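This report concerns only the one structure given below.
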């Protein structure tokens, strides 16, 4: 999920846990993504390790469909050490056919948009999202598992993990997001 400043990934490879050589991994594109069904509130259940989300707990994303077809993205997180809740807002634009699940997300604090690929979704339960950017000879990869419930059942998580595995994305590199003692929605 893109709660802080995903475009920081363009600055340094140390920001991404999974750095690869060459092109980004080939993933299975969706053929039936429905942006209007994706809107609403999601909780981050798992994520790739990254500096831009370090120390964040109670991470949420709220997607709102705009009249012009774009999607407003509001990501929030609790930073316990600082005792604050932070938020960042951006605009997601559908790239190509909306059924493919490919979005371009631009946050106001970043100079460029980032790719955002919804790999699979069961709208009332879970979504698997990845982002990969190639810079020169290397690529920076991020994966998020989002759920509609703050504390989803293991069967919900297993369905989402299966999408990761079908796309050859490592699930052992994903970290659980702390969703305990949350005072934000």
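For the chain, set up a Gaussian network in which alpha carbons nearer than 10 Å are linked by springs, and say which option among 65, 137, 102 fluctuates the most. Comparing 65, 137, 102 in a Gaussian network model of the chain, the most mobile one is 137. Ellipticity at 222 nm from helices only: DSSP H runs of n ≥ 4 in the chain, each -39500 (n - 2.57), divided by the residue count, give -2500 deg cm²/dmol. The alpha carbons of the stretch 68-143 occupy a box of 41, 38, 25 Å along the principal axes, longest dimension given first.
Over all pairs of different C-alpha atoms in the stretch 88-185, the reciprocal of the mean inverse distance, the Kirkwood hydrodynamic radius, equals 15.0 Å. What residue among 84, 135, 71 has the largest mean-square fluctuation in a Gaussian network model of the chain, using Cα springs under 10 Å? Checking each option, the largest mean-square fluctuation is seen for 84.
Every number here is computed from the coordinates shown, using simple stated rules; none is lab data. Quick caveat: nothing in here was measured; it's all calculated off a predicted structure.
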